[in-house]
Structures are given as structure tokens and as C-alpha cells.
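Before any comments, here is the structure.
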Amino acid sequence: MNLQDCKTVQLPIIPDERGNLSFIEECNHIPFRIKRTYWLYDVPGGERRAGYALRATDDFVVAMSGSFDVLLTDGIAEKTVHLNRSYEGLYIPRGVWREFRNFSTNSLAMVLSSEHYDAAQYVRGIDELKVLKADGKI
């Protein structure tokens, strides 16, 4: 996959004077079935997390609270997406490098994944990602 395949997705908002409601439906708002959900929290303000690509897993990231940046690269192009709305998410397909940066205090990042956790799925170096892509392995 390439960087152009990364997309922000506006999620439904059901407004109500008592508070709004948003939701995510697998294979509707995101293009995969959800096999794992995890979240990042208590990350000190301004800190960063991650720095990896996944071989065969797609992710969808939502800033449930606060804000953070997601640096994306496919080994050629690079872009940064700022997430700060609980009704907007970022689809990150397999083979795209991601780093989470600039967390605001008390932020909460939720990640939905298309596959169960498998340490062998992780590409931990950008140079390794470039080689795998050049060899057609991602």
C-alpha cells in the first residue's frame, strides 16, 4: 500500500442536547473486520509512540480525547495528520510507517486492527520497510 491509501474518515454524529454520539461499523466506515482494539493513554504531553509498519494488518486510529499527530510514510512520500476529534479517524493500511507524536495532556488514542497481535507482523525500521517494498513483500 502507498501513502495515498491513508484516508481520514468522518464518522457519523448523532447530535443530542444531552451529548453527541458517534460510532464505527466494521466493513462500513472502515474497510475491514475488527479483530483487535487497543488504546494509548497516559502518554506525557509532547511525547511520541510507535515507529513501525505492519506487514499484513490495517489500522484505524481515533483520538477519543485530546489530540496527537500521526506521521505517515510509505518510504517515499511523507505526511502528518493531526487527529483531535472523536468523530474522525485515520485509516492506515498495511505497509505504511506510522509514528504517533505530540500527544496533548490526557489524550486517548484508540486503534482498531484488522488482525490479532503478532510480533512478526511488525517492521521496526524504515530501511527494512523500503527493502520489503522493493522486493514486493509488502
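The values are calculated or read from the model by the stated rules, or taken from the named source; none is laboratory data. Model, not experiment: these values are computed from the prediction. Ideal geometry is used to build each Cβ from the backbone, glycine not excepted, and the neighbour counts take in all protein chains shown.
Key figures
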{"item": "Count of residues meeting criterion [at pLDDT 95 or above, in a loop (DSSP other than H, G, I, E, B) and loosely packed, with under 14 Cβ neighbours inside 10 Å] in the stretch 115-137", "result": "3"}
{"item": "Residue tally, condition out of contact with any Pro (no Cβ under 9 Å at 6 or more places or on another chain), in contact (Cβ under 8 Å) with a residue 12 or more places away in the chain and surrounded by fewer than 13 Cβ atoms within 10 Å (Cβ to Cβ), over the stretch 13-38", "result": "4"}
{"item": "Boolean, residue 80 is touching a Leu at 6+ places or on another chain (Cβ under 8 Å), free of Cβ contacts under 8 Å to residues at least 40 places away in the same chain and not small (Gly, Ala, Ser)", "result": "yes"}
{"item": "Test: residue in the stretch 70-82 that is surrounded by fewer than 16 Cβ atoms within 10 Å (Cβ to Cβ), modelled with pLDDT of 95 or more and farther than 18 Å from residue 3 by Cα", "result": "no"}
{"item": "Any strands (runs of 3 or more DSSP E) falling wholly within the stretch 26-114 and containing at least 2 residues that are out of contact with any His (no Cβ under 7 Å at 6 or more places or on another chain), closer than 24 Å to residue 138 by Cα and β-branched (Val, Ile, Thr)", "result": "68-73, 78-83"}
{"item": "Verdict on residue 105 being out of contact with any helix residue (DSSP H, G or I) (no Cβ under 6 Å at 6 or more places or on another chain), surrounded by fewer than 17 Cβ atoms within 10 Å (Cβ to Cβ) and at pLDDT below 95", "result": "yes"}
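Residue-by-condition table, conditions (1) more than 11 Å from the chain's Cα centre (by Cα); (2) surrounded by fewer than 18 Cβ atoms within 10 Å (Cβ to Cβ); (3) β-branched (Val, Ile, Thr); (4) under 19 Å from residue 8 (Cα atoms):
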{"position": "41", "(1), (2), (3), (4)": "yes, yes, no, no"}
{"position": "56", "(1), (2), (3), (4)": "yes, yes, no, no"}
{"position": "62", "(1), (2), (3), (4)": "no, no, yes, yes"}
{"position": "65", "(1), (2), (3), (4)": "yes, yes, no, yes"}
{"position": "112", "(1), (2), (3), (4)": "no, no, no, yes"}
